[in-house]
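The values are calculated or read from the model by the stated rules, or taken from the named source; none is laboratory data. The structure displayed is predicted, hence computed values, not measured ones. All Cβ positions, even for glycine, are placed from backbone atoms using ideal geometry, and neighbour counts span all protein chains on display.
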Amino acid sequence: MGQSGQKVRVVRAQARLAGRNRPRGFSLGSLLVVILVVGGVVIPAVRAIPSLVEYFSIKRAVGYAKQQASNKREVADYFNKQAQIDRITAVRSDDLDIQEDDNGTIRSVGFSYRNEVPLYGPLSLLITYSGTQY
């Protein structure tokens, strides 16, 4: 193994050392892009949380009103009471779609509405909610 063997060992050692000095991980530019993408997804989700909480309150109030009431007027009264407790402002009892059968029994109570969630300046998110309790 004369000089050629030694040259090969030297070349391999230099290659190993060169690999150790090579930087690894995120660059500042790629880190900035990742932060912008995550921020673009997280901020709208966080801003939509109050809207989702109100939707589930409406759904619960409609279910309670349908379960307790025996006619349309009672459904509206029970919904209004629950809406006052839960501070529901997106839907009123007049907005409910109350379906009765031939005997006057409540078959279903439905609702549908839109909510606009402001995001950044003039940009906003429009969410359409609907639900029916059978």
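Considering region 82-119, the residues that are farther than 16 Å from LYS59 by Cβ and without any contact (Cβ under 8 Å) to a residue 12 or more places away in the chain include one that is surrounded by the most Cβ atoms within 10 Å (Cβ to Cβ), namely GLN99. Considering only residues in region 18-40 that are small (Gly, Ala, Ser) and not in a helix (DSSP H, G or I), the one that is modelled with the highest pLDDT turns out to be SER27. When ILE43, ILE58 are checked against the criterion of being modelled with pLDDT of 95 or more and within 20 Å of the chain's Cα centre (by Cα), ILE58 stands alone in meeting it. Being at pLDDT below 95 and either surrounded by 13 or more Cβ atoms within 10 Å (Cβ to Cβ) or touching a Cys at 6+ places or on another chain (Cβ under 8 Å) (or both) is true for just one of ALA15, ALA69. Which residue is that? None of the others qualify; the one that does is ALA69.
Scanning region 105-122 for residues that are among the small types (Gly, Ala, Ser) and out of contact with any helix residue (DSSP H, G or I) (no Cβ under 9 Å at 6 or more places or on another chain) yields one hit, GLY121. Out of all the residues in region 108-117, is one or more more than 25 Å from ALA76 (Cα to Cα), in contact with a strand residue (DSSP E or B) (Cβ under 8 Å, 6 or more places away or on another chain) and not charged (D, E, K, R)? The answer is yes; a qualifying residue exists.
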